[in-house]
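One structure is given here, and the rest of the page talks about it.
Throughout, read-outs are computed from the coordinates displayed, never taken from laboratory work. Everything numeric in this text was worked out from a predicted model, so none of it was measured. We place every Cβ from the backbone using ideal geometry, glycine too, and count neighbours over all the protein chains shown.
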Ligand code: SF4
């Protein structure tokens, strides 16, 4: 979805909002109105609204919102522990810039316990992460679900801004961290977020300037994994580090 010229309305969201809030908003605005995940890179130009030391995902939210301005009927904003403090900040900023914002806090009482089909399945890592993120909007069973596999490697973290790093991993890579929490329907479950396979060589990925770096570094040391972070596009040095780690482990 790169064009902002069409007048078709959109419902924006970021993070993992509560399902009932998303449903109520869609009911009000129209179930035929497309949803757009504002966390994701949709090719929006740099709005320059945020400091350069803002994590790339939060910058995507603002840049996308500015690019889709006039089309966004509403933004459903995950602002609780299932996102991060910056989710709350960006929600505040969008509200002050004139966007209609509906805030969502996903409480532990609403945590689900969904089967981890993609996190533990045999398929290309990028596909698994994309399909996990699709369950935020539609948690019903999807077609062509992958079969389970034993993990040869692990990827811990949020979906990266630049998916190219994911192409380095074998299809036997298990998904850990916040992305696994999304598939389970438990955003903000710290215990699950920090659970990884003992002995599974794991890359702990964070966007630069993300608070999750504190946890990633700790877990990488604890489990002998590789902690990496990157700001915008993945560079060759990060790719080489990850490639070497995967090849040698
Ligand atoms: S990458 Fe980190 S700081 Fe950025 S939105 Fe995600 S959790 Fe928040």
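Numbers below:
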{"read-out": "Among 141, 107, 17: highest mean-square fluctuation, GNM of the chain, C-alpha pairs under 10 Å", "value": "141"}
{"read-out": "Normalised contact order of the chain, rounded percent, pairs of Cα under 8 Å and 6 or more residues apart", "value": "17 percent"}
{"read-out": "Tail fraction, Cα-Cα pairs, the chain, threshold 33 Å, whole percent", "value": "16 percent"}
{"read-out": "Over segment 125-248, equivalent-ellipsoid semi-axes from the Cα gyration tensor in Å", "value": "21, 16, 15"}
{"read-out": "Distance (nanometres) between label positions extended 7 Å along Cα→Cβ at residue 235 and residue 164", "value": "1.3 nm"}
{"read-out": "Whole-number Å³ per residue for the convex hull built on Cα positions in segment 1-129", "value": "134 Å³"}
{"read-out": "Relative pair counts by distance (%), Cα atoms of segment 87-191, 10 Å bins", "value": "14, 41, 30, 13, 2"}
{"read-out": "Most mobile listed residue (88, 28, 232) in the chain, GNM with C-alpha springs under 10 Å", "value": "28"}
{"read-out": "Length released on extending from residue 140 to residue 126, taking residue separation times 0.36 nm less the Cα-Cα span", "value": "3.1 nm"}
{"read-out": "Residue-averaged 222 nm ellipticity for the chain, from DSSP H runs of 4+ at -39500 (n - 2.57), nearest 500", "value": "-9500 deg cm²/dmol"}
{"read-out": "Residue order, fewest to most surrounding Cβ atoms within 10 angstrom, among 173, 54, 152", "value": "152, 54, 173"}
{"read-out": "Residue order, fewest to most beta carbons within 10 Å, for 194, 181", "value": "194, 181"}
{"read-out": "Between helix 85-96 and the chain: long-axis angle, C-alpha atoms, 0 to 90°, nearest 10", "value": "20 degrees"}
{"read-out": "Top of 162, 20, 37 by mean-square fluctuation, Gaussian network on the chain, Cα under 10 Å", "value": "20"}
{"read-out": "Förster radius 35 Å - calculated FRET efficiency between residue 89 and residue 190, Cβ distance, rounded to 0.05", "value": "0.95"}
{"read-out": "Overall Cα dimensions of segment 66-143 - principal axes, largest extent first, Å", "value": "44, 31, 20"}
{"read-out": "Relative contact order [Cα under 8 Å, 6+ residues apart], segment 125-248, whole percent", "value": "26 percent"}
